[in-house]
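Working notes, beginning with the structure itself.
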Amino acid sequence: MTQELTTSLQADTARPSGGSGWWRDAVIYQVYVRSFADSDGDGIGDLRGARERLPHLAGLGADAVWLTPFYASPQADGGYDVADYRAVDPLFGTLADADDLVRTAHELGLRVIVDVVPNHTSDRHPWFRAALTGRPGGPDRARYHFRPGRGAGGELPPNDWESVFGGPAWTRTTGPDGAPGEWYLHLFAPEQPDLNWDCSEVREEFDSVLRFWLDLGVDGFRIDVAHGMVKAAGMPDIGRTEQAKLIGSQVLPFFDQDGVHEIHRSWRRLLDSYPGDRIGVAEAWAPSPERLALYVRPDELHQAFNFQFLKSPWDAAAMRTVIDESLAATASVGAPTTWVLSNHDVVRHPTRYADGSPARGLRRARAAALLTLALPGSVYLYQGEELGLPEVVDLPDACRQDPAFFRTSAEGQDGQDGQDGFRDGCRVPLPWSRSGASYGFGPGGSWLPQPAAWAGLSVEAQTGDPGSTLELYRSALALRRELPGLGDSGMTWLDAPAGVLALARPGFVCTLNTLGEEVELPVPGRALLSSAPLAYRAATVRIPPDCCAWWAI
Ligand code: BGC
């Protein structure tokens with residue numbers, strides 16, 4: 001079909017909103033440290049391995065790297081259970097390795113963002129150990145949420161809140177004499193007790209932790225569970241089960257309470273007191289784009305992950321709606337939008353988009369990458385998406401580590417076309433070379449088995465192959481830097497046939513065909529890049545199914 005791709009413009013959906021911070025249109029590459037590169041052959045990625053592979057990020061064209069937690073931790077939840085916020089876990093190296101990594105990144109022109117985990121500590125944190133031996137109502141317990149149980153003997157949890165990982169959000173303690181005692185709150189695993197942010201010592205400690213890493217030279221923080229630190233007064237019952245899902249959007253008395261914003265404001269003041277543009281990015285699960293935008297008001301954090309877009313189905317109208325809502329919500333507070341397709345908590349997007357056909361999933365993933373890189377704002381890339389890695393859907397149970405796997409039955413999990421909704425399948429170590437025990441991940445094996453087919457998806461195998469996903473990403477990021485119309489400027493929709501999105505930026509057009517059949521359009525301009533080969537006929541171009549193309553106009 002030939003359809004008119006007119007240039008009749010609709011209302012601007014995004015305006016440049018002032019400010020020139022580097023983060024406003026940055027491409028930020030997420031390194032899941034455990035699975036990125038292993039320098040010592042123990043099968044677990046580490047900071048030295050990550051440092052040695054930083055040229056890959058610089059060559060790709062990323063502006064910054066976000067490192068997932070590498071702090072001292074018993075690893076009950078992949079390091080999101082921190083026992084010492086100022087120490088590097090020996091699994092991942094030393095503080096000197098962290099320092100070296102930050103320096104090397106800066107030399108390569110990459111900024112560094114580290115995770116901070118303020119909602120909960122590890123149960124091995126000295127504070128929680130002291131709390132367990134401390135007396136009910138005493139100062140050691142005031143840093144957490146301890147409560148007596150309900151029922152005649154206190155045998156029932158203090159309220160009906162559920163853990164995001166399954167089961168009750170409360171665990172009962174046992175006194176030194178073996179008698180059951182108070183309960184403590186953990187919105188995640190029992191090994192992750194929630195901190196009480198009404199306690200001034202908690203606030204002071206985190207200010208000091210942030211300063212510690214800022215002094216070491218980091219450029220910002222990804223704030224884990226930024227929506228969870230404050231709980232509704234009185235901790236009311238919810239009255240139903242199936243409460244919180246990972247990256248959910250439910251309204252709950254333990255998430256997205258107004259009180260969290262005052263904490264983020266104080267952190268913004270702290271960040272601003274340092275030279276350079278140091279940033280905070282909220283990992284916040286909010287019920288709507290408007291609620292999410294509150295986290296990025298001018299005196300709060302700089303960015304928040306846009307999970308609404310990540311959850312959008314492969315459907316042009318749905319995607320356009322999410323894009324419009326996201327841009328409008330962030331524009332209302334003058335912040336840039338972020339675009340995220342995958343991270344270490346969700347099924348990798350080639351598999352999410354596959355609808356039963358891995359080839360289709362990859363086609364769509366490549367197209368989605370070009371779409372998101374063409375939108376105004378900042379883009380987060382999850383390690384391996386530049387290789388088109390799918391979710392690994394046949395991991396043996398014996399090697400799984402996701403705490404949710406041990407606390408929830410697979411039944412009822414939203415598999416989203418992954419193995420079963422758990423998170424190990426997106427955390428399989430990266431393949432760097434065609435051969436070797438772990439395809440170049442390290443000199444030894446790998447903590448999760450890598451599929452043999454990943455040899456062909458390795459960085460080595462894809463480098464120099466013009467049809468590869470890696471070269472597509474490299475070209476797209478290079479163009480994104482080069483073209484003044486991309487990044488943090490306005491965008492308009494162009495009229496396009498159903499199933500097709502066409503958007504214009506200064507000097508630039510992006511067309512996305514989400515349909516399972518080709519569409520024929522008037523040639524919008526000079527072709528810059530496309531996720532699949534285009535075919536021309538006179539003044540029209542045929543865009544293949546599930547394909548995105550960039551044009552200079
Ligand atoms: C992190 C997860 C982690 C959870 C608890 C998240 O949102 O991204 O990986 O399990 O916080 O810290």
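The values are calculated or read from the model by the stated rules, or taken from the named source; none is laboratory data. These figures come from a predicted structure and were not determined experimentally. Here the Cβ positions follow ideal geometry from the backbone for every residue, glycine too, while neighbour counts run over all protein chains shown.
Any chance you could count how many residues in the range 83-137 are over 23 Å from the mean Cα position of the chain (by Cα) and closer than 19 Å to Trp197 by Cβ?
So the count comes out to 9.
Assess whether Asp256 counts as being part of a loop (DSSP other than H, G, I, E, B), surrounded by fewer than 16 Cβ atoms within 10 Å (Cβ to Cβ) and modelled with pLDDT of 95 or more.
Working: part of a loop (DSSP other than H, G, I, E, B): yes; surrounded by fewer than 16 Cβ atoms within 10 Å (Cβ to Cβ): no; modelled with pLDDT of 95 or more: yes.
Judged against the criteria, Asp256 is not a match.
Among the residues of the range 330-343, what is the count of those that are more than 16 Å from the ligand (Cβ to nearest atom) and not in a loop (DSSP other than H, G, I, E, B)?
Taking the range 330-343 as the starting set, the residues that turn out to be more than 16 Å from the ligand (Cβ to nearest atom) are 330-337, 339.
With the extra rule that they be not in a loop (DSSP other than H, G, I, E, B), the set shrinks to 330-331, 339.
Result for the range 330-343: 3.
Could you grab me the full set of residues in the range 230-247 that are within 15 Å of the ligand (Cβ to nearest atom) and either free of Cβ contacts under 8 Å to residues at least 60 places away in the same chain or in a helix (DSSP H, G or I) (or both)? Show your work before the answer.
First, pick out the residues of the range 230-247 that are within 15 Å of the ligand (Cβ to nearest atom): 244-247.
Selection gives nothing.
State the number of residues belonging to the range 182-213 that are over 21 Å from the mean Cα position of the chain (by Cα) and aliphatic (A, V, I, L, M).
Here the count works out to 4.
Do we find a residue being farther than 28 Å from Leu110 by Cα and without any contact (Cβ under 8 Å) to a residue 60 or more places away in the chain anywhere in the range 211-229?
The answer is no; no qualifying residue exists.
I need the full set of residues from the range 269-299 which are farther than 23 Å from Thr68 by Cβ and under 21 Å from the mean Cα position of the chain (by Cα), in order please. Even if it seems obvious, please write down each step before you answer.
So the first thing to find is which residues in the range 269-299 are farther than 23 Å from Thr68 by Cβ, and the list is 269, 272-273, 275, 287-291, 293-294, 297-299.
Across the range 269-299, the qualifying residues are Pro287, Ser288, Pro289, Glu290, Arg291, Ala293, Leu294, Arg297.
Of the residues Leu477, Leu483, Leu528, Leu534, only one is out of contact with any Pro (no Cβ under 6 Å at 6 or more places or on another chain) and buried (at least 21 other Cβ atoms within 10 Å of the Cβ); which? Spell out how you get there, then give the answer.
On the way: Leu483 fails: buried (at least 21 other Cβ atoms within 10 Å of the Cβ); Leu528 fails: buried (at least 21 other Cβ atoms within 10 Å of the Cβ); Leu534 fails: buried (at least 21 other Cβ atoms within 10 Å of the Cβ).
Checking each option against the conditions leaves just Leu477.
Cβ-Cβ under 7 Å, sequence separation 6+ or interchain: first residue in the range 75-93 and within 14 Å of Glu205 (Cα to Cα), partner more than 16 Å from the ligand (Cβ to nearest atom) and not in a loop (DSSP other than H, G, I, E, B). Which pairs?
Arg86/Phe212
What about Asp277, is it away from the ligand (no atom under 16 Å from the Cβ), farther than 27 Å from Arg143 by Cβ and among the acidic types (Asp, Glu)?
yes
Restricting to the range 141-171, count the residues that are among the charged types (D, E, K, R) and surrounded by fewer than 17 Cβ atoms within 10 Å (Cβ to Cβ).
The first filter runs over the range 141-171 and keeps only residues among the charged types (D, E, K, R), leaving 141, 143, 147, 150, 155, 160, 162.
Right, trim to surrounded by fewer than 17 Cβ atoms within 10 Å (Cβ to Cβ) and you get 150, 155.
Final tally of qualifying residues: 2.
Among (1) out of contact with any helix residue (DSSP H, G or I) (no Cβ under 9 Å at 6 or more places or on another chain); (2) over 25 Å from Ile223 (Cβ atoms), where does Gly138 come up short?
It is condition (1) that Gly138 fails.
So that you can scan it fast, the table gives a plain yes or no per residue for (1) in a loop (DSSP other than H, G, I, E, B); (2) within 16 Å of Ile247 (Cα to Cα); (3) of a type in the set (Val, Ile, Thr):
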residue	(1), (2), (3)
Pro298	yes, no, no
Pro313	yes, yes, no
Ala328	no, no, no
Asp345	yes, yes, no
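Let me confirm something: among Pro403, Pro376, which residue is away from the ligand (no atom under 16 Å from the Cβ) and not hydrophobic (A, V, I, L, M, F, W, C)?
Details: Pro403 fails: away from the ligand (no atom under 16 Å from the Cβ).
That would be Pro376, the only listed residue that is away from the ligand (no atom under 16 Å from the Cβ) and not hydrophobic (A, V, I, L, M, F, W, C).
Do you know which of the residues in the range 260-283 that are small (Gly, Ala, Ser) and in contact (Cβ under 8 Å) with a residue 60 or more places away in the chain is nearest to Val225 (Cα to Cα)? Don't jump to the end; show me each part of the working.
Our first condition is that a residue be small (Gly, Ala, Ser); within the range 260-283, this holds for 266, 273, 276, 280, 282.
Subset that is in contact (Cβ under 8 Å) with a residue 60 or more places away in the chain: 266, 280.
On the way: Ser266: 17, Gly280: 13 Å.
That would be Gly280.
Can you tell me which residue among Gly361, Gly377, Gly334 is among the small types (Gly, Ala, Ser) and within 17 Å of the chain's Cα centre (by Cα)? Lay out the reasoning, then the answer.
Values: Gly361 fails: within 17 Å of the chain's Cα centre (by Cα); Gly334 fails: within 17 Å of the chain's Cα centre (by Cα).
Result of the check over Gly361, Gly377, Gly334: Gly377.
Mind listing whichever residues of the range 295-313 are buried (at least 20 other Cβ atoms within 10 Å of the Cβ) and more than 16 Å from the ligand (Cβ to nearest atom)?
Result: Val296, Glu300, His302, Phe309.
Among Ala87, Ala50, which is the only one that is at pLDDT 95 or above and crowded, with 22+ Cβ neighbours inside 10 Å? Full working, then the answer.
Values: Ala87 fails: crowded, with 22+ Cβ neighbours inside 10 Å.
Of Ala87, Ala50, the one residue that is at pLDDT 95 or above and crowded, with 22+ Cβ neighbours inside 10 Å is Ala50.
Would it be correct to say that Ala455 is within 22 Å of Ala64 (Cα to Cα), aliphatic (A, V, I, L, M) and surrounded by fewer than 22 Cβ atoms within 10 Å (Cβ to Cβ)?
Details: within 22 Å of Ala64 (Cα to Cα): no; aliphatic (A, V, I, L, M): yes; surrounded by fewer than 22 Cβ atoms within 10 Å (Cβ to Cβ): yes.
Here the answer is no, as Ala455 does not meet what is asked.
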